[in-house]
1. Using the Kirkwood radius built from alpha carbon pairs, what does the Stokes-Einstein equation give as D for the protein assembly as shown at 20 °C and 1.002 mPa s, in µm² per second?
2. Calculate, in whole percent, how much of the Cα-Cα pair population of segment A:81-171 lies beyond 17 Å.
3. If each residue of separation counts as 0.36 nm, what is the full-extension length gain between A:ALA126 and A:ASN44 once their alpha-carbon separation is subtracted?
4. Give the longest segment of chain B that steers clear of GluC sites (Glu not before Pro) in DSSP loops with at most 16 neighbouring Cβ atoms within 10 Å, not counting the sites themselves.
5. Taking 25 Å as R0, compute the FRET efficiency from the Cβ-Cβ separation of B:TRP79 and A:ASP100 and round it to 0.05.
6. Please compute P(r) over all alpha-carbon pairs of segment A:1-154, binned at 5 Å starting from zero, and give each bin as a whole-number percent.
7. Which entries in the list A:LYS6/A:LYS121; A:LYS137/B:LYS8; A:LYS23/B:LYS8; A:LYS7/A:LYS137; A:LYS13/B:LYS4 go over 31 Å, if you measure between the two C-alpha atoms of each?
8. How many percent of all Cα-Cα pairs in chain B sit more than 15 Å apart?
Amino acid sequence: MWVYEKKLQYPVKVGTCNPMLAKFLIEQYGGADGELSAALRYLNQRYSIPDEVIGLLTDIGTEEFAHLEMIATMVFKLTKDATADQMKEAGLGAHYANHDNALYYENAAGVPWTASYINAKGDPIADLYEDIAAEEKARATYQWIIDMSDDPDLNDGLKFLREREIVHSQRFREAVEILKEERDRQKIF
Amino acid sequence: MSQKQLPKEFYPLMEELQVVDFVLVELTLYLDTHPNDTAAIQQFNEAAYYRHQLVPQVEQYLGPLQQFGNSYSGYPWNWNEAPWPWQL
Ligand SMILES: [Fe+2]
């Protein structure tokens, strides 16, 4: 089971109401390489992966939910005071027509989240390589958003999240090595 | 939407909890792939001990940090009292 904790993993601050940045950030909420995809991908892979890496998938998958909450907080704070006109100007008119200022699992282009963003091949090496690629893609997305943002408070939180992707990628690479060593040992004996 | 204002003493304590939790999540993921690192395990247990001391201090201002019996409730039931994390 999971237990919710009433706190953010890292403090989230935003400078001003800025629905345009929120529109870009939604990519990390309901996009292919976003935090929802990450959490669901890792937690789902746990059931068929060798025992050596179940703990890692559980812990990283759980941390991704903390990141999802940080992104939600950023989007919420960037849009909560936005008027219908400001939403429209920011390219969120279609979103507003359907959802008002509510959050929705969609990407920056407004495409709803779909399970086809994530994979489960059952082959541990294939699954872990997908995880490494997902972390690198998420890191790149954070970088592109930071490049477009002029909000230093928001960027502080985004840089924290970008660094977490680097750590996750590193841990998944180590998990691949652990499984390869295990496979080689089984061949020798 | 009126909500309870948290006193200024709360904020440094919450930040301290976020700091020690960062140490704990980093050590957790590291130990998941380096299970034999004694020094890291010792650091993990020290940080976990420190966290246990810190949580009641945070909860003194915030109310329950967790649910399902991991935190005690005040009277009246104060779990669903704002502010929630995104409202701070
Ligand atoms: Fe990640």
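1. 105 µm²/s
2. On the way: 2667 of 4095 pairs.
Tail of P(r) above 17 Å: 65 percent of Cα pairs.
3. Values: separation 82, 0.36 × 82 = 29.52 nm, distance 1.43 nm.
Roughly 28.1 nm would be gained on extension.
4. Details: sites that count: B:GLU9, B:GLU81.
Answer - B:10-80.
5. Numbers: r = 27 Å, r/R0 = 1.09.
So, using R0 = 25 Å, E works out to roughly 0.35.
6. For segment A:1-154, the binned pair fractions read 2, 9, 18, 20, 18, 14, 10, 5, 3, 1, 0 percent.
7. On the way: A:LYS6/A:LYS121 35 Å; A:LYS137/B:LYS8 39 Å; A:LYS23/B:LYS8 33 Å; A:LYS7/A:LYS137 27 Å; A:LYS13/B:LYS4 19 Å.
Too far apart for the 31 Å limit: A:LYS6/A:LYS121; A:LYS137/B:LYS8; A:LYS23/B:LYS8.
8. Numbers: 2486 of 3828 pairs.
When every Cα pair of chain B is considered, 65 percent fall beyond 15 Å.
Rule-based calculations on the coordinates, nothing more; no lab input. This one's a predicted model, so the numbers in the text were calculated from it and none came from an experiment. Cβ atoms come from the backbone with ideal geometry, glycine included; neighbour counts cover every protein chain shown.
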